[in-house]
1. Within the range 1-20, track down each residue that is without any contact (Cβ under 8 Å) to a residue 60 or more places away in the chain, within 24 Å of Thr452 (Cβ to Cβ) and aliphatic (A, V, I, L, M).
2. Farther than 27 Å from Gly76 by Cβ and more than 24 Å from the chain's Cα centre (by Cα), is that true of Ala268?
3. Could you please let me know if Ala200 is modelled with pLDDT of 95 or more, under 30 Å from Gly293 (Cβ atoms), of a type in the set (Gly, Ala, Ser) and open to solvent by 10 Å² or more (accessible area, probe 1.4 Å)?
4. Does Ile310 fit the bill of being closer than 24 Å to Glu189 by Cα, of a type outside the set (Gly, Ala, Ser) and either free of Cβ contacts under 8 Å to residues at least 24 places away in the same chain or touching an Asp or Glu at 6+ places or on another chain (Cβ under 9 Å) (or both)?
5. Which of the residues belonging to the range 352-369 are touching a Phe, Trp or Tyr at 6+ places or on another chain (Cβ under 7 Å), farther than 23 Å from Ala271 by Cβ and in a helix (DSSP H, G or I)?
6. For the range 213-308, list the helices (runs of 4 or more DSSP H) that sit wholly inside it and hold at least 1 residues that are out of contact with any Cys (no Cβ under 6 Å at 6 or more places or on another chain), modelled with pLDDT of 95 or more and of a type in the set (Phe, Trp, Tyr); which are they?
Amino acid sequence: MKRTPRTGAALLFDVLTDLDVDYIFGHTGGAVIPLHVELNRRMKRGEKTPRFILFRQEGGAGHAAEGYARTCGRVGVALATSGPGSTNLATPIADAHKDSIPTLFITGQVPSFAIGTDAFQEVDTIGMTRPISKHNYLVKDVRDLEWVLREAFTLAQSGRPGPVVVDICKDAQLAPLTEQNPPRKRHREPIRFVPAQADAILDELAAAERPVIKAGGGIIHANAAEILRRFAERFDTPVTTTFNALGAMPFGHRHNLGMPGMHGTIPANYALREADFILTLGGRFDDRVAVKGFSAGKRIAHVDIDPSEIDKTVKTDLSVAAELGTFFRHALASGRSAQHADWLGRVAAWRTQMPKPYLQADHVKPQAVVEAISEATAGDATLVTGVGQHQMWSAQYYRFSRPRQWVSSGGLGTMGFGLPAAIGAWFANPEKPVVLIDGDGSFQMNIQELGTVVANRIPIKMFVLNN
């Protein structure tokens with residue numbers, strides 16, 4: 001009996017299932033109806049397939065994919081239709097791009113023969129997302145679909161992670177697959193680790209009198225929190241964890257300084273001000289940390305998987321382009337170590353200076369609420385926020401104990417991020433309590449996703465601060 005050829009829609013779910021995608025966060029629409037028809041058929045037949053989580057608006061689905069990826073480190077997948085579906089995904093795509101979140105955004109597109117005709121719900125998704133994504137693809141031929149999906153999935157999580165967009169024409173979803181095109185050959189220069197450059201950094205770190213490690217979000221993406229701790233202990237060096245790296249060092253660790261920058265802690269900012277050597281690991285020198293005069297009188301070193309970040313905003317004295325795990329393993333195997341007892345003594349005094357004027361207030365203040373939540377959850381909840389004052393209070397007063405428990409919009413500062421991201425975070429790790437701390441303004445921007453919470457019976461604890 002001759003087998004009926006698979007359609008592009010069937011191929012898509014075959015590939016996503018093979019890639020172990022558990023969830024797709026999204027919304028429906030005309031240009032992706034073939035995908036939903038195929039998904040429903042598989043569900044009725046009881047076949048293994050990704051579970052589709054219906055959101056009330058595409059932007060919420062995109063932020064949920066981010067929350068999922070931030071919490072478990074796997075690729076978060078979002079699906080939307082063409083036109084307004086894809087434009088509603090623009091904000092979460094840009095958000096994921098700013099914070100290097102491994103995400104795959106699949107959008108429907110009008111039939112290939114209608115592209116460029118201003119067809120109903122046609123938008124140039126590729127042109128629109130090119131500057132806000134790591135890469136994007138337009139699939140007009142079903143024969144290209146499998147290699148594009150597999151390459152996009154790999155690209156989203158490899159190197160410096162980020163969002164990848166796959167825009168699929170409706171006729172490619174419906175077309176039968178009789179043969180496949182081979183993958184296009186893409187030449188990518190691998191990052192070549194230079195041990196001598198790493199050794200120069202390690203020698204200066206050991207010899208410095210007042211060194212500080214500035215750990216960035218790359219520590220989280222590389223799953224390098226534990227080896228960072230060992231590295232800091234070996235070189236007896238205090239560590240600041242940037243906004244996107246919160247949780248990389250446990251709050252109570254003697255080398256932990258907390259978050260630096262304009263909303264940062266006293267010990268982090270004092271230590272960076274007094275340092276004679278700053279080593280940035282997996283982080284950029286953003287304008288909220290590297291303020292005017294940041295590098296004056298200091299030696300600056302930088303280790304990052306993305307060579308384009310080195311010397312982009314702050315001139316470095318030493319640098320190496322490397323995967324962080326490679327750098328750490330080299331450092332620990334080198335036999336080098338250091339002692340900075342006097343410097344750690346000064347740091348210890350600063351660690352006691354967290355101001356708490358709100359404790360004397362005659363009414364409950366937001367900082368006290370965050371501290372109470374931290375105590376009630378033993379610093380172990382997956383903490384999600386929107387964007388605003390409540391976000392900074394959460395970053396400052398929650399006692400983070402582990403990586404991937406902090407889910408918040410960093411570089412783009414997207415109000416409305418919190419509620420949908422909390423949903424994605426729960427699907428990523430339902431074993432940990434998920435706590436959303438939001439501001440009244442930010443919460444209302446995606447308040448429609450309360451419907452998604454109720455429909456899926458998701459046990460998120462929500463605290464909205466009226467500020």
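1. none
2. Values: farther than 27 Å from Gly76 by Cβ: yes; more than 24 Å from the chain's Cα centre (by Cα): no.
Against the criterion (farther than 27 Å from Gly76 by Cβ and more than 24 Å from the chain's Cα centre (by Cα)), Ala268 does not qualify.
3. Answer is yes for this residue.
4. Numbers: closer than 24 Å to Glu189 by Cα: yes; of a type outside the set (Gly, Ala, Ser): yes; either free of Cβ contacts under 8 Å to residues at least 24 places away in the same chain or touching an Asp or Glu at 6+ places or on another chain (Cβ under 9 Å) (or both): yes.
In short, yes.
5. Filtering the range 352-369 for residues touching a Phe, Trp or Tyr at 6+ places or on another chain (Cβ under 7 Å) gives 365-369.
From the residues that got through so far, the ones that are farther than 23 Å from Ala271 by Cβ too are 365-366, 368-369.
Matches in the range 352-369: Pro366, Ala368, Val369.
6. Values: elements: 218-221, 225-234, 266-274.
The qualifying helices (runs of 4 or more DSSP H) are 225-234.
Here is a yes/no grid of residues against (1) of a type outside the set (A, V, I, L, M, F, W, C); (2) open to solvent by 30 Å² or more (accessible area, probe 1.4 Å):
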site: Leu383; (1), (2): no, no
site: Gln396; (1), (2): yes, yes
site: Gln405; (1), (2): yes, no
site: Ser408; (1), (2): yes, no
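Yes/no matrix, rows are residues, columns are (1) among the acidic types (Asp, Glu); (2) open to solvent by less than 50 Å² (accessible area, probe 1.4 Å):
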site	(1), (2)
Ala428	no, yes
Met445	no, no
Glu449	yes, yes
Val454	no, no
Arg457	no, no
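The values are calculated or read from the model by the stated rules, or taken from the named source; none is laboratory data. Note that the structure is predicted; figures quoted are calculated from it, not measured. Virtual Cβ from ideal backbone geometry, glycine too; neighbours counted across all protein chains shown. All accessible areas refer to the heavy atoms of the entire protein, side chains included, with ligands and DNA or RNA removed. Shrake-Rupley method; radii C 1.70, N 1.55, O 1.52, S 1.80 Å.
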